[in-house]
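What follows is calculated from the coordinates using simple rules that are stated; it is not laboratory data. Owing to the predicted nature of the structure, the values given are computational and were not obtained by experimental measurement. Glycine also receives a Cβ, built like all others from the backbone with ideal geometry; neighbour counts cover every protein chain displayed.
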Amino acid sequence: MAAVSRLAKLSSISYLRRCLSSAVASESNPPYTSPFLPKPDYNLIHKDPKNGHVQWVFLGCPGVGKGTYASRLCNLLGVPHIATGDLVREELASSGPFSQQLSEIVNQGKLVSDELIVSLLSKRLQAGEAKGESGFILDGFPRTINQAEILEGVTDIDLVVNLKLREDVLLEKCLGRRICSECGGNFNLASINAKGENGNPGISMAPLLPPPQCMSKLFTRSDDTETVVKERLHIYNEKSRPVEEFYRSRGKLLEFDLPGGIPESWPKLLEALNLNDYEEKQSAAA
Ligand SMILES: Nc1ncnc2c1ncn2[C@@H]1O[C@H](COP(=O)(O)OP(=O)(O)O)[C@@H](O)[C@H]1O
């Protein structure tokens with residue numbers, strides 16, 4: 001973005017480098033190893049995932065549920081959930097210097113410049129570092145090959161989860177999405193019953209209804225209209241789909257086809273991540 005100087009770009013990228021490498025290099029916390037690397041060390045994740053050494057990325061089309069599943073995993077593993085879409089919306093709401101430009105970009109379903117996203121992400125990491133955070137699950141970043149290369153230049157990502165769902169279902173989910181203006185909770189009013197097609201099974205998802213106290217405070221994201229969602233899906237295919245191949249070729253991509261709503265998908269995702277026992281132990285200890 002023109003308003004962000006090249007110097008600011010360089011300093012934010014170097015800040016990202018410092019933050020991320022300090023999280024990786026801490027001696028008391030040896031680097032986390034993903035169970036999906038070519039030579040997996042399944043023990044590490046079961047020993048103490050609460051040590052914060054999770055450096056994961058969630059990829060997937062708009063509406064697939066990156067935020068829902070990434071935030072559940074973050075709660076389970078005790079690491080921060082960093083969603084660049086949330087950072088963009090916070091910046092928009094703050095009426096700061098970029099908010100006008102951002103609102104035009106977001107409401108057309110386009111991507112914000114790599115420069116500005118890296119700058120917002122760097123600020124978020126700086127704030128987290130000040131609070132003693134380590135590890136992360138990134139949701140919605142990287143979204144371009146350039147962003148993936150910047151990230152690769154500053155730290156090792158252990159695992160990239162690619163959530164997948166049919167495009168007709170993605171559209172219905174985005175149109176049904178509602179957010180509570182008070183608690184920030186994400187809900188969905190859509191009741192999805194998509195028939196099987198091309199040899200693939202049908203898919204059903206029950207609505208994710210808000211509690212009664214949120215009902216009157218629900219709003220729809222301004223970019224969740226049919227035209228804008230279709231544009232976001234188009235941009236995903238053009239700019240973000242290549243990021244899947246970027247990680248696939250590095251042996252870091254875990255493909256996960258969502259079998260249904262949260263009740264069906266969450267246990268299967270934990271199983272795919274080798275975390276099902278871990279959740280049971282956590283609940284027993286709680
Ligand atoms: N990594 C990124 N690069 C560029 N733009 C981004 C990025 N992350 C978020 N955005 C902007 O914020 C908007 C909302 O992002 P997000 O909440 O992740 O939505 P989605 O449901 O499309 O995954 C995007 O459409 C885009 O304009």
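Structure data summary
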quantity: Theoretical FRET efficiency, 1/(1+(r/R0)^6), r = Cβ-Cβ of residue 277 and residue 231, R0 45 Å, to 0.05; calculated: 0.60
quantity: Exposure proxy order (Cβ contacts within 10 Å, fewest to most) of 160, 112; calculated: 112, 160
quantity: Protection proxy ranking, peptides 206-213, 118-125, average beta carbon neighbours within 10 Å, highest first; calculated: 118-125, 206-213
quantity: Distance violations [Cα-Cα > 30 Å] among 217/239; 173/217; 195/252; 131/239; 66/110; 123/268; calculated: 217/239; 195/252; 131/239; 123/268
quantity: Nitroxide proxy distance, nm - points 7 Å out along Cα→Cβ at residue 186 and residue 215; calculated: 2.4
